[in-house]
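Laboratory data are not the source of any read-out in this text; all were calculated from the coordinates shown. What you are looking at is a predicted structure, and each value in this text was computed from that prediction instead of being measured. Counting neighbours? That spans all protein chains shown, and the Cβs are built from the backbone with ideal geometry, glycine included.
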Amino acid sequence: MPADPKKGASFPLPERIVRRFGQFHLFDNTWGLPYPWRPEDLRSSRMTVTIADVAPGEILLRLEGEALIATAAEASQAARGYDAKVLGHLRFDRARKAFTRFDGVILGDHWDNDGSGAGRTGRHPLGIAFELAKGDSPQDRVPPETTRGGRLSQYLGEGGRVTSFAGSGRSGRSPTRRLSSPST
């Protein structure tokens, strides 16, 4: 968070956060356990935060961006992919130095032409909703299911630790992911 936040100021999210978000959270799990994205599958991404309002106790932020994830360098040749737009709203509590709100939606075209989508091949719309988990439940402390198979260290990064991230396990066309905030 900027030391002196100004309404209307924009800044890009750090690349490590954008990569984590794209690789581990933007996937189609409507058919069960998804194949996780590889680090190199994140072909392009941009996420920008704009300060919507500044008050003595809180800062309101708007998140906008896009991501192209594909299993081949040329997206049209990829067996799987997701071309998505990102929109979200965040609230930062200045006294607690913590996010107290993160509501987001990702919408785009997802495709699966290699059979990994349990028979749902071709392009189809996929929407993903995010909300900030309260952190008071054990399920709020489970890392994303795409970190299985030894990928947790990629998710956490160097010196990382599990804070409180969880997927809700809902199924359907619009899965919801619950994310909770680290204390800073």
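Things to note:
- Two-site FRET efficiency, Glu74 against Ser153, from Cβ-Cβ distance with R₀ of 30 Å, rounded to 0.05: 0.50
- A cut-off of 5 Å between modelled amide H atoms, ignoring neighbours fewer than 5 places along the same chain, links Ala78 with Ala72.
- GluC sites (Glu not before Pro) restricted to DSSP loop in region 43-104 with at most 14 other C-beta within 10 Å: Glu74
- The calculated FRET efficiency for the pair Asp136 and Asp93, based on their C-beta separation and a Förster distance of 22 Å, comes to about 0.85.
- Amide H to amide H distances under 5 Å link Arg101 with Arg91, where only residues 5 or more positions off or on other chains count and H is placed in the peptide plane.
- Residue-wise HN-Hα coupling along region 37-54, computed from phi with Karplus coefficients 6.51, -1.76, 1.60 (Hz; x: Gly, Pro): 6, 7, x, 6, 6, 6, 7, 7, 7, 8, 9, 10, 10, 10, 6, 7, 7, 10
- With both labels modelled 7 Å from their Cα along Cα-to-Cβ, the Met1 to Asn113 distance reads 4.6 nm.
- Candidate lysines - alpha carbon under 24 Å from Lys7, same-chain residues fewer than 8 apart omitted: Lys85, Lys97
- Phi to ³J(HN,Hα) by Karplus 6.51 cos²θ - 1.76 cosθ + 1.60 over region 58-69, Hz, x for Gly, Pro: 8, 10, 9, 10, 10, 9, 9, x, 7, 8, 10, 10
- Using θ = phi - 60° and Karplus 6.51 cos²θ - 1.76 cosθ + 1.60, couplings along region 123-132 (whole Hz; Gly, Pro as x): 7, 7, x, 9, x, 10, 9, 10, 9, 7
- A cut-off of 5 Å between modelled amide H atoms, ignoring neighbours fewer than 5 places along the same chain, links Leu13 with Met47, Thr48, Val49.
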